[in-house]
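Student: My questions all concern the structure below.
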Amino acid sequence: MQIGIVGKPNVGKSTFFGAATMAPVEIANYPFTTIEPNKGMAYVRTPCPCRQLGVTCTPHNSMCIDGTRMVPVELLDVAGLVPDAWQGKGLGNQFLDDLRQADALISVVDLSGSTDIEGVPGDVGSHDPAEDILFLQKEIDCWMREIIKNGFSRIARQAKMQGSKPEVILHERLAGLNVTEAQIKDALRAVPLPEDPTKWDDDLLFNLCSEIRARSKPMIAAMNKADIAPEGNAEKVRAVNKVCIETMAETELALKKAAAAGLVEYEPGDPTFKVKDGVKLSDGQRKALDYMKSNMERLGGTGIQKCLESAAFDMLDLITVYPVEDETKYTDHFGRVLPDAFLVPRGSTARDLAYRVHTELGDKFIRAVNAKTKRTVGADYVLEDGDVIRIVANK
């Protein structure tokens with residue numbers, strides 16, 4: 001799974017990315033600090049089956065902390081987008097292309113309103129942050145529309161003669177954007193089009209792309225700099241985006257560094273933190289930590305982990321499953337207990353999991369075993385969150 005971190009310059013995108021992944025990135029107060037996309041791994045939390053099964057796990061592709069499995073997700077931090085990026089402004093087409101394979105988007109917004117629509121710094125409250133969401137939605141919709149229009153006339157004429165279904169025509173144009181035919185078909189119900197595809201004009205295609213984007217690239221608004229945001233700004237953003245979370249990326253990054261230095265006790269997602277016993281702090285350090293703690297307690301945390309988990313579990317509706325090779329010991333062929341945790345869409349089947357592990361395993365699938373119940377299940381068995389599954393295949 002890949003989550004794209006998007007937004008205009010100077011809103012804290014790279015700080016958000018660095019706080020979520022602890023990957024070193026260049027952070028500066030000028031546009032286009034990020035040119036090439038930054039890639040890194042963040043983690044989402046889910047209960048590990050080790051406690052329920054009474055075993056000590058030895059994770060391979062993830063981590064387990066006190067019975068909580070930390071499952072990796074890939075983050076992609078693209079360069080800041082500005083109005084008319086879809087027309088190439090600010091190298092926008094290049095940056096939009098970086099988002100092709102993203103399953104969901106986290107749009108980092110400067111909730112303080114201290115940067116204008118192009119990311120130029122100004123006074124707190126001088127800009128309406130809701131405009132940043134609206135412009136970004138428009139940029140992605142226009143970008144999708146232009147991809148559809150490229151060579152579309154020829155395809156539309158052929159489709160008219162052959163009587164092709166609209167979702168098939170559109171999927172041919174958008175398959176490279178990780179858009180499914182089912183998502184397109186669902187969007188078509190919201191925006192009925194003329195049966196004759198040669199009559200699809202720019203306005204109809206724009207409206208359709210808006211519906212496709214909402215389904216294929218669901219977006220969370222990370223309302224960043226929430227600690228200095230004027231009253232009422234959060235409500236403005238919530239009015240234009242379905243899922244909004246107040247965040248403080250600088251606080252998350254500072255706390256992770258403080259925890260690594262042994263100054264505080266803090267786990268990502270905690271609503272607050274604790275200064276370790278015996279640690280001596282300077283007046284400046286204590287003042288900064290007091291400021292961060294008061295804002296975290298007011299907002300319920302820094303919001304960074306909440307954004308990641310909302311994207312994975314709420315917007316994409318993913319569940320976690322654990323493939324093993326020995327259903328009695330819950331191990332792989334190296335003897336590692338509950339080694340791998342995979343995020344899969346809710347509704348996935350045992351065969352889907354087999355293909356996720358390895359193509360050959362899916363091709364040669366015979367049956368599966370639910371290691372928790374010890375029951376044999378078929379290819380169409382619908383996986384449940386936390387399932388531990390052994391796949392049996394032909395050799």
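Student: Could you give the length gained on full extension between ASP317 and LYS89, defined as 0.36 nm per residue of separation minus the Cα-Cα distance, in nm?
Tutor: 78.6 nm
Student: Considering only C-alpha atoms, what is the centroid distance from region 96-144 to region 302-324, in Å?
Tutor: Taking the Cα centre of each part, region 96-144 and region 302-324 sit 23 Å apart.
Student: Please list, or write none, the lysines whose alpha carbon is within less than 22 Å of the alpha carbon of LYS8, excluding same-chain residues fewer than 8 places away.
Tutor: Candidates past the 8-residue exclusion: LYS39, LYS89, LYS138, LYS217, LYS225, LYS236, LYS242, LYS306.
Student: Using helices alone, what [θ] at 222 nm do you get for the chain, with -39,500 (n - 2.57) per DSSP H run of 4 or more residues, divided over all residues and rounded to the nearest 500?
Tutor: Dividing the helical sum by the residues of the chain leaves -10000 deg cm²/dmol.
Student: Once you sort the root eigenvalues of the Cα gyration tensor of region 318-393 as a ≥ b ≥ c, which label holds: rounded (a/c under 1.5), prolate (a/b larger than b/c) or oblate (the other case)?
Tutor: Here region 318-393 falls in the rounded category.
Student: Which order do the peptides 51-57, 224-230 come out in when sorted by mean C-beta neighbours inside 10 angstrom, highest first?
Tutor: 224-230, 51-57
Student: Order the peptides 244-257, 276-289, 365-378 from the highest to the lowest mean number of other Cβ atoms within 10 Å of their residues.
Tutor: Descending mean neighbour count gives 244-257, 365-378, 276-289.
Student: Considering Cα pairs under 8 angstrom that are at least six residues apart, work out the relative contact order of region 279-395 and quote it in whole percent.
Tutor: Details: 176 pairs, mean separation 28.7, N = 117.
Result for region 279-395 is 25 percent.
Student: What's the ranking of 348-355, 78-85 by average number of surrounding C-beta atoms within 10 Å, highest first?
Tutor: Ranking the peptides 348-355, 78-85 by packing returns 78-85, 348-355.
Student: Another question, if that's okay. I'd like to know which of ASN150, ALA239, GLN101 lies farthest towards the positive end of the charge dipole of the chain, counting +1 on Cβ of Lys and Arg and -1 on Cβ of Asp and Glu.
Tutor: Positive-most Cα among the choices belongs to GLN101.
Student: For region 117-263, just the Cα set please: Rg and Dmax, both in angstrom.
Tutor: Using the Cα atoms of region 117-263, the pair Rg, Dmax is 20.5, 70 Å.
Student: Determine the equivalent ellipsoid of region 249-312 by diagonalising the alpha-carbon gyration tensor, then write out the semi-axes as square roots of 5 times the eigenvalues, largest first, rounded to whole Å.
Tutor: After scaling each eigenvalue by five and taking roots: 22, 12, 9 Å.
Student: Can you work out the FRET efficiency for the pair LYS276 and LYS329, with r the C-beta to C-beta distance and R0 = 45 Å, to the nearest 0.05?
Tutor: Once rounded, the FRET efficiency stands at 0.75.
Student: Gain in length, ASP380 to VAL120, computed as 0.36 nm per residue apart minus the alpha-carbon separation, to one decimal in nm?
Tutor: Between ASP380 and VAL120, full extension yields an extra 88.2 nm.
Student: What FRET efficiency do you get for LEU193 and ALA239 if R0 is 22 Å and r is their Cβ-Cβ distance, rounded to the nearest 0.05?
Tutor: On the way: r = 29 Å, r/R0 = 1.31.
The formula returns an efficiency of 0.15 here.
Student: Here's something else I'd like to know. Of all beta bridges DSSP finds with both residues in the chain, what is the antiparallel percent, to the nearest 5?
Tutor: Numbers: 31 of 52 bridges.
Counting only bridges with both partners in the chain, antiparallel ones make up about 60 percent.
Student: Continuing with this model, one more query. Rounded, prolate or oblate: which fits the chain when a ≥ b ≥ c are the square roots of the eigenvalues of the alpha-carbon gyration tensor, with rounded for a/c under 1.5 and prolate only if a/b beats b/c? Display every interim value, and only then the final one.
Tutor: Numbers: a/c = 2.35, a/b = 1.02, b/c = 2.30.
It is oblate, given that a/c is not under 1.5 and a/b is not larger than b/c.
Student: Let me ask you something else. Provide the gained length on full extension for the span GLU74 to HIS358, in nm with one decimal, where the gain is 0.36 nm per separating residue minus the Cα-Cα distance. Intermediate values should be presented prior to the final figure.
Tutor: Numbers: separation 284, 0.36 × 284 = 102.24 nm, distance 1.96 nm.
Here the answer is 100.3 nm.
FYI, it's all coordinate maths here, none of it is from the lab. In this text, all values refer to a predicted model and were calculated from it rather than measured experimentally. Virtual Cβ from ideal backbone geometry, glycine too; neighbours counted across all protein chains shown.
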